[in-house]
Amino acid sequence: QVQLVESGGGLVQTGGSLRLSCAASGRTFRTYGMAWFRQAPGKEREFVAAISRSGTSTYNTESVKGRFTISRDNAKNTVFLQMNSLKPEDTAVYYCAAARGGIASATMSAYDYWGQGTQVTVSS
């Protein structure tokens, strides 16, 4: 069982930056593929970014390319999402997810564990 705890959300103005963190419990973090998803009010949860267990492969959804960067520190059991040039449409609850298979996937069903989420609000 893996527990995921997100942090770093908050209120920021358009054009600002935030860095989200997701701390994982356990000694098997390095074997998991990790991802960030988000869910805006009244919308379905959507993929944001993913990273393979080694960190050598990363994927972003088109709407965040050039603005968001996913990374991980396996020594600290933590995955990060650096968000720059934030827009009001980035407002959502951001969720961290872990996949036992170790891959970086954009598909929700690939992930076995989920955090509780952290709110990101971008004001215009």
* **Descending semi-axes in whole angstrom, ellipsoid equivalent of region 1-55, from the Cα gyration tensor** => 24, 14, 12
* **Assigned charges on the beta-carbon of Lys, Arg, Asp, Glu; the chain dipole about Cα centre (debye)** => 320
* Asked: Suppose every K and R has +1 on its Cβ and every D and E has -1 on its Cβ; what is the size of the dipole of region 1-59 about the Cα centre, in Debye to the nearest 20?
  -> 180
* Asked: Using 0.36 nm per residue, how much length does the chain from residue 87 to residue 54 gain when fully extended, once their Cα-Cα distance is taken away?
  -> 8.9 nm
* Backbone N within region 15-48 under 14 Å of label point (7 Å from residue 110 Cα along the Cβ vector) -> 32-37, 47-48
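Return the percentage of antiparallel bridges among DSSP beta bridges fully within region 9-124, rounded to the nearest 5 %.
90
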* Obtain the nm distance between the two label points defined at residue 43 and residue 27 by a simple spin-label model: each point lies 7 Å from its Cα along the Cα-to-C-beta direction. => 4.1
* Asked: Spin-label point model (7 Å from Cα, Cβ direction): what's the residue 74 to residue 119 distance in nm?
  -> 3.6
* Work out which trypsin sites (Lys or Arg not before Pro) in the chain are exposed loop sites (DSSP not H, G, I, E or B, at most 15 other Cβ within 10 Å) and give the longest gap free of them. => 68-99
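May I ask for the net charge around residue 31, where only other residues with Cβ less than 14 Å from the Cβ of residue 31 are counted and Lys, Arg are +1 while Asp, Glu are -1?
Overall, the nearby charge balance is +4.
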* **Cα pair count fraction exceeding 17 Å, expressed as % - the chain** => 50
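Each reported figure results from applying straightforward, stated rules to the coordinates on display, with no laboratory input. Small disclaimer: the values here were computed from a predicted structure and weren't measured. Here Cβ is always computed from backbone atoms with ideal geometry, including for glycine, and neighbour counts include all displayed protein chains.
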